[in-house]
Amino acid sequence: MKKALIFGVTGQDGSYLSRLLLKKKYIVHGVIRRSSSINTRRIDDIYQEPFAQKKNFILHFGDVTDGTSVNDLIYKINPTEIYNLAAQSHVAVSFNIPEYTTNADALGALRILDSIVKINPKIKYYQAGSSEMFGKVQTFPQNESTPFYPRSPYAVSKVYAHWITVNYRESYNIFASNGILFNHESPLRGETFVTKKIVKALCRIKNNKQKKLYLGNIYAKRDWGHAQDYVLAMWKILQYKKPDDWVISTGKQYSVKQFINLVAKKIRLKIFWKGKGLNEKAYSEKNEPIVEIKKRYFRPAEVDNLKGSSQKAKKILKWKPSKDINDLIHDMTEYELNEISNEK
């Protein structure tokens, strides 16, 4: 049986990837950080099922900022594949904690790669890249040949992780691949990310549980896909005959404002917009402002326009997204409305 080691197993992608690999009969080892509160909510269902008794899904304490724990885990488990999904992944927060972001997102990848070379160069490695690396985009749409122009400590750290992966691949002839994934969301998305923030707030406003939603740049454009589709791409990347770098995207683009309108339409929340700039607001049928723009939510350096081209993955890996933005919004709104209905 193949063994997978997932750094970042408790995140959105780690949760979906664990389920995919278990279905494919892998033994899955996941790494979680030690903390005073347990953060396994996204994987509790699979950890508590018989998988745990059969030792098909095993959790370990560790941290990519600790080279000793990284090295010890890889030595002890000796996995077939390693997926590095661990990161401080919130772009805006990376401006507040740039040193930690760099330590986790950039040097974390280096620690894993260096351990692979020293312990078992046959281990296959997947590095989770991000469309944020393109930043101030140089070509449109963005593909594997588009130059990087990162605009945040998070994106700069991911660029380092990308190139150190390429460097170790070429220097030591290991199977190390980069997935440059565009924005991908799901019901399991963290609550500080804009899509989750929008869906959760609008569903609560619809049900009189919340009055307002505050946002930053609503004209930023993104290429949004579903995390379920994107973890399948991760797996396919490591099954290909040789290591390489891959853009994974839908090729379709929407602004944050368009996303808000689609969510409102889905849950039958009638809104209309008035004003410009910081004074632009979305109003309810009762003419009450329910979405407002706040300067504090703007990034120091904005990324305005991301849209990917994953023709290479479609042609070679035979991967394409199975869910569009309407499917994504359906899944996210159903989840939030169910959460609200279960509130006491």
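Just so it is clear, none of the values below were taken in a lab; they were calculated from the coordinates. Keep in mind it's a predicted model, so treat the numbers as computed, not measured. Ideal geometry is used to build each Cβ from the backbone, glycine not excepted, and the neighbour counts take in all protein chains shown.
Taking 18 Å as the cut-off for C-alpha to C-alpha distance, list the pairs among 266/314; 158/242; 2/25 that go past it.
Distance filter (> 18 Å) returns 266/314; 158/242.
Specify which labelled value, from (1) -0.27, -0.58; (2) -0.22, -0.49; (3) -0.30, -0.59, agrees with log10 I(q)/I(0) by the Debye sum over Cα atoms at q = 0.06, 0.09 Å⁻¹ derived from the coordinates of the model shown.
The calculated read-out lines up with (2).
Relative to the Cα centre, what is the charge dipole magnitude of the chain, using +1 at the beta carbon of each Lys and Arg, -1 at the beta carbon of each Asp and Glu, and rounding to the nearest 20 debye?
That gives a dipole near 780 debye.
Which peptide among 65-77, 265-277, 21-33 comes first, and what is the full order, when sorted by highest mean count of other Cβ atoms within 10 Å?
My ranking of the peptides, most packed first, is 21-33, 65-77, 265-277.
Considering only DSSP beta bridges where both residues belong to the chain, give the percentage that are antiparallel (nearest 5).
20
Taking 7 Å along the Cα-to-C-beta vector as the label spot, tell me the residue 287-residue 138 distance in nanometres, rounded to one decimal.
According to this spin-label approximation, the distance is 5.2 nm.
Over the chain, what relative contact order in percent results from Cα pairs under 8 Å that are six or more residues apart?
Relative contact order of the chain: 17 percent.
Please say if the stretch 244-344 is rounded, prolate or oblate, where rounded means a/c under 1.5 for a ≥ b ≥ c the square roots of the C-alpha gyration tensor eigenvalues, and otherwise the choice is prolate for a/b larger than b/c and oblate otherwise?
The shape class here is oblate.
Compute the label zone of residue 23 within the stretch 239-272: residues whose backbone N is under 18 Å from the point 7 Å along Cα-to-Cβ.
239
Along the charge dipole of the chain, Cβ charges K/R +1 and D/E -1, which of 188, 7, 59 sits furthest on the positive end?
188
Provide 299, 151, 222 in ascending order of the number of other Cβ atoms located within 10 Å of each residue's Cβ, fewest first.
Result, fewest neighbours first: 299, 151, 222.
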